[in-house]
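Written out below as structure tokens is the structure these notes cover.
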Amino acid sequence: MSIEQLAVDTIKALAIDGVQRANSGHPGMPMGMADIATVLWSKHLRVDPTMPDWPDRDRFVLSNGHGSMLMYGLLHLAGFGLTMDDLKSFRQRGSKTPGHPERDVHLGIEMTTGPLGQGFGSGVGMALAEAHLRSVLGSVLVDHMTFAFVGDGDLMEGISAEAASLAGRLGLSKLVYLYDDNEISIGGSTDISFTEDVGARFVAYDWHVLDVDGHDRIAIDEAITMARADERPSLIACHTHIAHGAPTLQDTSASHGSPLGDEEIAAAKRAMGFPTEPLFHVPEGVYEFFSSAMEVGTAARIAWEERCESTFGADAEIAKNWAFRFEPIDVEVGPLGYDVGEMIATRKASERAINSLATRVPSLIGGSADLAPSTNTLISGAAEIQDDIGGRNIRFGVREHAMGAIVNGMAVHGGLRPYGATFLVFSDYMRASARLAALMEVPSIFIYTHDSIFLGEDGPTHQPIEHIQSLRIMPNMWVVRPADATETAEAWEMALQRDNGPTAIVLTRQGIPVLDRTGSEGGLHRGGYVLSEGADAVLIATGSEVHVALEAAELLVNDDISLRVVSMPCVEAFDLQSESYRRSVLGDLPTATLEAGVTSGWHRFAGSTGLVIGIDHFGASAPWKKLAEEWGFTGRVVADRVTAWLGSNQ
Ligand SMILES: Cc1ncc(C[n+]2csc(CCOP(=O)(O)OP(=O)(O)O)c2C)c(N)n1
Ligand SMILES: [Mg+2]
């Protein structure tokens, strides 16, 4: 038997043993894709287990991430930091081998996805990042492939359509997806619900589409070689059998997500010529087979380092540019040039901040889902990537979900600080991607404008109500809602400083006054801060309601009520401040809150006796000032409510 066949069989055996031992997991996909994985990893994928985070490595995404035992087996055999014991503790608490690994660069796990389709989308982001950086920094420094395994589920999900369409438009040639075309998903045959001509669909997206027998390793190798040479992104439809080699469960959905059982495993192993005992058997020569393939990657990495050294030695500018891209970013936006009292929408201030930063932060790149004029996210003077891939303005098209995944992919790739923008109300469309950014600790920046009912006439379909709070409840998502132009600049600084999770910058459509920040400069970085002092009660406000709170405080002076106004642009950052700082801001005073969104969540600050002003119903189509009056977001109404509340508390 060839060593290559032995390698394939080892991957299968490790996967079925791992799943059996855990008594849970997905054996079908690893068995079905073992041939493809062996060819890709031994003949094409250029990675280095001795330096898994080498920046110019090929990227490998497992979008059908339920087949994670395939990935773990490969990483173990190829000499990444996964031991046999790690394989044996598959899916156990605290192990390095959870059910669905999300991201661990140091283990060689670029990205695998639990939520189907996300890896597909983020792979496009990685390939986009590579193409952009290759254009900007030169192919001497950046020149690698992005490969992904995708399954029927990934291709059924709409996000794959969005992402593939954009990848085709941009001609991302170094993107090669291997489709596990096994015609099976959980429900049984894909005939039940998925009968489209996938190949024709991808041809229509302007992809290069190939068809192979997914168990013919010579054909797979040739197809990958052809895919790499083509100028379009490639989809290789690999006709496979799920649970390939399982005597009775092959081609059944039963093999998708359940252990095969001892008998079936023994029979499968016998058919492969494997001993049934011991489990987790790795035949002689298999480690060497993979490690000699990895040596090619190590040699490539060393050659790359030498090229870097000579390039950086000869060109200090490019050395600086490179270093900057891989270091934490700590820059000040500086004054945006507005006067106190000027009425400026924070989306407009954000545009100035972006353009101020763009000159100093070469890694800043992004765009919107067909809302450039509304989200104010264009970098002026920079090219658009559909014209010049080295440009910095990305036209995502009306594709919020893929935008989220692509931004994540670019951020995961490294060397870029990507942002994606849309209206806050449409953040729902990209929620799954935003959640993965939070879970994977990826510093994606999401810009959400038109952040309240005060977008006005477009009406309730466009007016966010529950969105700010629903983003806040996502662990590790930082939501920043600046109160004016100055806070907007600080919000951008905060987003760029973050390196372990995403930031949602939430911005107004309508003009709001630039506040006098004398004495509280930089306050946003603490999440919440005192904007104006007061001794009787605290009113916490965010975003466009902060100036309303200040107005209310002024009106209350006449009633001898001294209201402290706290701007709370980022609850998550405030929560990280010291106890003494938080007390200095909130004290023991009766507390009210004010935000043009759901009241849910604010009682944690206001307590049971506090006053929480918000809006718990959908909005309406009308000029925004009319809505502010009708629903009480004016200084007068807020002042009256505070007076009544303090009165009733006495
Ligand atoms: C967004 C999302 N929806 C549903 C699931 C649950 N799920 C996991 S795998 C799967 C079926 C996938 O079928 P396919 O990609 O063909 O995988 P195969 O059975 O061939 O391994 C489903 C529905 C999920 N992980 N993500
Ligand atoms: Mg399938």
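The values are calculated or read from the model by the stated rules, or taken from the named source; none is laboratory data. Note that this is a predicted model, so its numbers are computed, not measured. Cβ atoms come from the backbone with ideal geometry, glycine included; neighbour counts cover every protein chain shown. Ligands, DNA and RNA are stripped out before the accessible areas are found, and what is left, the full protein with its side chains, is counted by its heavy atoms. Shrake-Rupley method; radii C 1.70, N 1.55, O 1.52, S 1.80 Å.
Fully extending the segment from residue 140 to residue 189 would add 13.0 nm, taking 0.36 nm per residue of separation and subtracting the current Cα-Cα distance. Placing a pseudo-label 7 Å from each Cα along the Cα-to-Cβ vector at residue 295 and residue 276 gives an inter-label distance of 3.8 nm.
Residues with beta-carbon under 11 Å from that of residue 422, excluding residue 422: net charge, scoring Lys, Arg +1 and Asp, Glu -1? Display every interim value, and only then the final one.
Details: positive: 399; negative: 370, 400, 428.
The answer is -2.
Against the chain, whose longest principal axis comes from its Cα atoms, helix 485-497 is set at around 30 degrees. Residue 106 to residue 380: FRET efficiency via 1/(1 + (r/R0)^6), r the Cβ-Cβ distance, R0 45 Å, to the nearest 0.05? For R0 = 45 Å, the calculated efficiency reads 0.70.
Note on segment 373-412 and segment 248-326: Cα centroid distance 32 Å, given to the nearest whole angstrom. Restricting attention to the chain, the count of lysine pairs at 8 or more positions apart or across chains with alpha carbons under 22 Å apart stands at 8.
So, by mean Cβ neighbours within 10 angstrom, what's the order for 240-252, 112-124, 305-317, 433-445 with the highest one leading? Don't skip to the end; give the middle numbers.
Values: 240-252: 21.6, 112-124: 29.1, 305-317: 12.0, 433-445: 23.7.
Averaged packing, sorted descending, gives the order 112-124, 433-445, 240-252, 305-317.
Of the listed residues 224, 389, the order by accessible area with a 1.4 Å probe, largest first, is 389, 224.
The length gained on full extension between residue 458 and residue 284, counted as 0.36 nm times the residue separation minus their Cα-Cα distance, comes to 55.9 nm. The distance between label points at residue 316 and residue 84 comes to 5.5 nm (points 7 Å beyond Cα on the Cα→Cβ vector).
Once the chain from residue 388 to residue 579 is taken as fully extended at 0.36 nm per residue, the excess over their C-alpha distance is 63.8 nm.
Set the Förster radius R0 to 56 Å, insert the Cβ-Cβ distance between residue 230 and residue 616 as r into 1/(1 + (r/R0)^6), and round the FRET efficiency to 0.05. It comes to 0.55. Rounded, prolate or oblate: which one fits segment 102-182, using the alpha carbon gyration tensor with axes a ≥ b ≥ c (rounded when a/c is under 1.5, else prolate when a/b beats b/c, else oblate)? Oblate, since a/c reaches 1.5 and b/c is not below a/b.
Percent of Cα-Cα pairs more than 24 Å apart in segment 366-482, please. I get 23 percent for the Cα pairs in segment 366-482 exceeding 24 Å.
Modelled label positions at residue 263 and residue 600, each set 7 Å beyond Cα in the direction of Cβ, lie 4.9 nm from each other. The convex hull defined by the C-alpha atoms of the chain has an orientation-averaged projected area of 30.2 nm².
Our note on the geometry: Cα centres of segment 111-180 and segment 506-584, 43 Å apart.
How much FRET efficiency would the formula 1/(1 + (r/R0)^6) give for residue 554 and residue 608, where r is the Cβ-Cβ distance and R0 is 30 Å, rounded to 0.05? That pair, residue 554 with residue 608, gives E of 0.60. Would you mind checking the tilt of helix 400-413 against the longest principal axis of the Cα atoms of the chain, expressed as 0 to 90 degrees and rounded to 10? That works out to roughly 70 degrees.
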